[in-house]
Amino acid sequence: MNPLVIISRKRDGLALTRDQIFDCITAYVAEEIPDYQMSALLMAIYLKGMNADETCYLTEAMLCSGDQLALTEGHGIVVDKHSTGGIGDKVSLLLAPLLACLGFRVPMLSGRSLGITGGTLDKLESVPGFRATLSPSEIDEITTATGCVICGASDAIAPADKLLYRLRDVTATVGSIPLITASILAKKLAENPAAIVFDIKCGHGALMKTPAMARELGRSLIDTSGLLGLSARALITDMSQPLGMMIGNTVEVREAWVAMEQGEPHDLIELTLALATQLLEMTGRQDLQPSLRKTLVSGEASRKFQEMIARQGGDLEQLPDPAWEYVESPQTGYVSDIDSEGIGRLLITMGGGRMRKEAEINHEAGIKLNYKIGDQVRKGQLLAGVTSPSDSSVLDCLASMITIEPESPELRPLIIDTMY
Ligand code: URA
């Protein structure tokens, strides 16, 4: 295999064969292709794209670069969800236990926060004792016993993705639809799911800024999944404001836990139910639809959540409950805009997120919204809060991210589209 031939073909806009893609990925993982040649190939893919077959081969090659979970059979249909990440997105914390309560098996391999996007593992590590690193046999045991687990993908899962992502990150090639598709799917396919639902966030707090971009990624994820025999659907969902009222690690775990007892906040509950509905339909289990909401908010899913965390070494009862300091609304009117991206950045400056992979996180740093877009607020009411600000400028900065206008704004739907 001559990498030059493969790079030149892609540079000239020609399709690569299955063998060429497999050879390239295998050789790169074996350190037989240098970073400069792989970077050139990534840039050629970024600029010239890949057709559906090539994307499928790349996904398979990345999947085959590592291990796959071998779960003991007979303990429920394996399903999962992948979110492209957003501000305040804690859906996994509700969805995994909900599906487990309904008899599904959810070996959810999740990630950490990077940049403005939060990470499920960082959230769960706010729980004292929680272990995010599990061996394949522990994943098997815990999902056999409780139906769900949320943990990190070990280095043995899709190692090609880790190596390629590191290069993409420093060569301005992250934002390529075929590369994103293969990266997401190689990790999810390692779980061997029967069905998967994608939550593709769209808006200024998300990777995909416009509905058109989000649909393009959705199409690619669904079509590539289909070619690989995996049943998949996607919801395009609004990220023009944070999901729920809490943004941070500890505070999002608490919000998810309370939501499973009280049925609020509305957007978090509705999105969780919508994603679960897609999985019920794809697996032919619509008979479970009537019990979905009750299972989520009656305490059943909450007990399952607590059980899952306990099996992973954590004690939810020990979750810290940070104190809040609030900023008042400067005027009367309607909330017309919330700068999600700005809020994500503010959390990073408070220590609650990271710009570099190796950075430490302050789990208790958090932001709380008291109002969402469309809500009426009066001057002097507590608009939003932060946990232990270092100075008042943090609160002023937060207040500046919430726009209040005299007229009620037009509301955007939470679920913009469903893709099949
Ligand atoms: N998430 C991933 O796992 N990979 C990407 O390339 C982008 C988002």
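The values are calculated or read from the model by the stated rules, or taken from the named source; none is laboratory data. Predicted model, so just to flag it, every value in this text is computed and none were measured. Backbone-built Cβ (ideal geometry, glycine too); neighbour counts: all protein chains shown. Heavy atoms of the whole protein, side chains included, go into the accessibility calculation; ligands, DNA and RNA do not. Shrake-Rupley method; radii C 1.70, N 1.55, O 1.52, S 1.80 Å.
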Exercise. Looking only at residues in region 194-218 that are within 16 Å of the ligand (Cβ to nearest atom) and more than 15 Å from the chain's Cα centre (by Cα), which one is nearest to I116 (Cα to Cα)?
Worked result: K209
Exercise. Is region 398-412 home to any residue that is charged (D, E, K, R), open to solvent by less than 70 Å² (accessible area, probe 1.4 Å) and modelled with pLDDT of 95 or more?
Worked result: no
Exercise. Going by the conditions given, is S392 touching a residue at least 12 places away in the same chain (Cβ under 8 Å), out of contact with any His (no Cβ under 6 Å at 6 or more places or on another chain) and of a type in the set (S, T, N, Q)?
Worked result: no
For this session: Taking G342 as the residue in question, decide whether it is in contact with a Leu (Cβ under 6 Å, 6 or more places away or on another chain) and either at pLDDT below 95 or in a helix (DSSP H, G or I) (or both).
Result: no
For this session: Give just the number: which of (1) within 21 Å of I150 (Cβ to Cβ); (2) within 19 Å of the chain's Cα centre (by Cα) does E364 not satisfy?
Result: (2)
Exercise. In region 23-41, is there at least one residue being within 21 Å of D223 (Cα to Cα), open to solvent by less than 60 Å² (accessible area, probe 1.4 Å), hydrophobic (A, V, I, L, M, F, W, C) and touching a helix residue (DSSP H, G or I) at 6+ places or on another chain (Cβ under 9 Å)?
Worked result: no
For this session: Filter region 178-193 for residues that are aliphatic (A, V, I, L, M) and more than 10 Å from the ligand (Cβ to nearest atom) and give the result.
Result: L189, A190
For this session: Within region 83-96, track down each residue that is small (G, A, S), over 21 Å from K368 (Cβ atoms) and within 16 Å of the ligand (Cβ to nearest atom).
Result: S83
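Looking at region 272-284, is at least one residue open to solvent by 10 Å² or more (accessible area, probe 1.4 Å), farther than 17 Å from I367 by Cβ, of a type in the set (G, A, S) and within 18 Å of the chain's Cα centre (by Cα)? Even if it seems obvious, please write down each step before you answer.
Step one: list which residues in region 272-284 are open to solvent by 10 Å² or more (accessible area, probe 1.4 Å), which gives 273-274, 277-278, 281-284.
Still in the list and also farther than 17 Å from I367 by Cβ: 273-274, 277-278, 281-284.
Of the ones still in play, those that are also of a type in the set (G, A, S) are 274, 284.
Next, only the ones that are within 18 Å of the chain's Cα centre (by Cα) stay: 274.
The answer is yes; a qualifying residue exists.
Among residues belonging to region 24-56 that are among the acidic types (D, E) and in a loop (DSSP other than H, G, I, E, B), point out the one that is nearest to V5 (Cα to Cα).
Step one: filter region 24-56 for residues among the acidic types (D, E), giving 31-32, 35, 53-54.
Cutting the leftovers down to in a loop (DSSP other than H, G, I, E, B) gives us 31-32.
Working: E31: 18, E32: 15 Å.
Ranking the qualifying residues of region 24-56, first place goes to E32.
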Seminar exercise, completed: If we ask which residues in region 62-82 are buried (at least 24 other Cβ atoms within 10 Å of the Cβ) and either more than 15 Å from the ligand (Cβ to nearest atom) or under 29 Å from I247 (Cα atoms) (or both), their number turns out to be 3
Exercise. Out of curiosity, is D169 out of contact with any helix residue (DSSP H, G or I) (no Cβ under 8 Å at 6 or more places or on another chain) and within 16 Å of the ligand (Cβ to nearest atom)?
Worked result: yes
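Among L121, L99, which is the only one that is under 20 Å from the mean Cα position of the chain (by Cα), outside any loop (DSSP other than H, G, I, E, B) and either within 14 Å of the ligand (Cβ to nearest atom) or more than 15 Å from E307 (Cα to Cα) (or both)?
Details: L99 fails: either within 14 Å of the ligand (Cβ to nearest atom) or more than 15 Å from E307 (Cα to Cα) (or both).
That would be L121, the only listed residue that is under 20 Å from the mean Cα position of the chain (by Cα), outside any loop (DSSP other than H, G, I, E, B) and either within 14 Å of the ligand (Cβ to nearest atom) or more than 15 Å from E307 (Cα to Cα) (or both).
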Problem set entry | Residues located in region 102-116, provided they are crowded, with 21+ Cβ neighbours inside 10 Å and more than 16 Å from D80 (Cβ to Cβ) | S113, I116
